[in-house]
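Novice: Quick one: this structure, given as C-alpha cells, is what I'll be asking you about.
Any read-out appearing in this document is the output of simple, stated calculations on the displayed coordinates, not a laboratory observation. Small disclaimer: the values here were computed from a predicted structure and weren't measured. Please note: Cβ atoms are built from the backbone with ideal geometry, for glycine as well, and neighbour counts cover all protein chains shown.
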Ligand SMILES: C[S@@+](CC[C@H](N)C(=O)[O-])C[C@H]1O[C@@H](n2cnc3c(N)ncnc32)[C@H](O)[C@@H]1O
C-alpha cells in the first residue's frame, strides 16, 4: 500500500507524520521545501518527483503549490483544501482571515484537471475566534486534518491492515453495514474487518478479548495496532472481553459479524448468544473451517456465502 504525498511546510510535515504513524509506505513530492525533506529523511521516506511516481494506491495533495500536469492525473488522486466551500483556489486562509470568518473547514476532494472542481469526499468543520494569523488558524485546524484523512481513507476503503479478510469479504462488510444502523463485531484483532465496517458509517461495537486462543496468539501489541488502526473513529465502541459475557450488556443490534473463537463450541455459543439479539442479519467468517461450518449448519440454513463469510438474514 503506497501513498504518494505532495506536500509542503508545517501542514505537510504533520500529514506526513500522521501517515507514517499509521504505518503507510509513503513517498514524498515537495516543492523544494527543506524542512519537510529533513523530516522525510528522519523517517526514511523517499523524496521523489512527479516523473518518478510509478505505481501507487493513493496520491494525496496537501497544499501542493503547483498545478499538477494533466499527464500525471489519475483517479487515485485526492486534494486536501482548507475552507473549500467558501474559498476555492489560492490563499483560502488569507481570505478567511480577511473576512473575519469564525467557521472554518477542511475538505478532501477528488483531484481533477479543473482545480477544486472534483467531488468532495469528506468535510470537517470547526469554529474559531476571529483569526489574525495563519499560525492561529492552523493551530485550530490541524487536528481536523488528521480526522479528515482518517475518514477519507475509510471512505476510500484504503486498508493496509494485516488480517485474513479478502477484498470481496471486506466489500461485503462495508456494503452491508451501510444499510444498518448498528453492527456488533466479535473478533477484531488488528482491525482489518473493523475498519471496513467503520467506513460504512454504521455504529460499530467491536468486542475482543485480545487474548486469542489455542489457534491464534494475540498480544497487547495487537491491541495497540487495533487502537492505532481504528483511532479517530467517532462511530466505534471498543469492548475488551469475552463475546458471550459481554452480549449480556448489549441490546438488540441490526447486524452481527462473528469472527472470534473458531472452535465448534466457540461458534455455537456465539450464535446462541447473538442470534436472539440480531434484528436484520447475522454473519461470520471462515465457513470453510469444518468446525465453524458444523456449528453454523446445526443452527440454521445459511442464505448466502461470500468468500468464506456465511450469511443469515433474519
Ligand atoms: C481471526 S481473529 C479476528 C480477525 C479480524 N476480524 C480481522 O479482520 O483481522 C480472531 C479474534 O477473536 C478474538 N477472540 C477469540 N475468542 C474470543 C472470545 N471468546 N470473545 C471475544 N473475542 C475472542 C481473538 O482475540 C482474535 O483477536
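Novice: For the range 169-188, which residues satisfy the criterion of being assigned to a loop (DSSP other than H, G, I, E, B) and surrounded by 19 or more Cβ atoms within 10 Å (Cβ to Cβ)?
Specialist: Matches in the range 169-188: 180, 187, 188.
Novice: Now a separate question. Checking residue 210 against (1) assigned to a loop (DSSP other than H, G, I, E, B); (2) more than 13 Å from the ligand (Cβ to nearest atom); (3) crowded, with 17+ Cβ neighbours inside 10 Å, which single condition isn't satisfied?
Specialist: Among (1) assigned to a loop (DSSP other than H, G, I, E, B); (2) more than 13 Å from the ligand (Cβ to nearest atom); (3) crowded, with 17+ Cβ neighbours inside 10 Å, the lone unmet condition for residue 210 is (2).
Novice: Could I ask something else about it? Out of 252, 270, report the one residue that is exposed (fewer than 15 other Cβ atoms within 10 Å of the Cβ) and touching a helix residue (DSSP H, G or I) at 6+ places or on another chain (Cβ under 8 Å).
Specialist: Every option except 252 fails the conditions.
Novice: For residue 278, only one of the following conditions fails: (1) at positive phi; (2) more than 10 Å from the ligand (Cβ to nearest atom). What is its number?
Specialist: Checking residue 278 against (1) at positive phi; (2) more than 10 Å from the ligand (Cβ to nearest atom), the one that fails is (1).
Novice: Test each condition in (1) near the ligand (Cβ under 9 Å from one of its atoms); (2) under 19 Å from residue 160 (Cα atoms) for residue 245 and report the one that comes out false.
Specialist: Checking residue 245 against (1) near the ligand (Cβ under 9 Å from one of its atoms); (2) under 19 Å from residue 160 (Cα atoms), the one that fails is (2).
Novice: Next up: Could you pull out the residue among 64, 12 that is in a helix (DSSP H, G or I) and surrounded by 18 or more Cβ atoms within 10 Å (Cβ to Cβ)?
Specialist: 12 is the lone residue from the list that is in a helix (DSSP H, G or I) and surrounded by 18 or more Cβ atoms within 10 Å (Cβ to Cβ).
Novice: I need the full set of residues from the range 178-188 which are within 13 Å of residue 279 (Cα to Cα) and touching a strand residue (DSSP E or B) at 6+ places or on another chain (Cβ under 7 Å), in order please.
Specialist: Scanning the range 178-188 gives 180, 181, 182, 183, 184.
Novice: Which of the residues spanning the range 121-152 are loosely packed, with under 15 Cβ neighbours inside 10 Å and assigned to a strand (DSSP E or B)?
Specialist: Selection gives 125, 126, 127.
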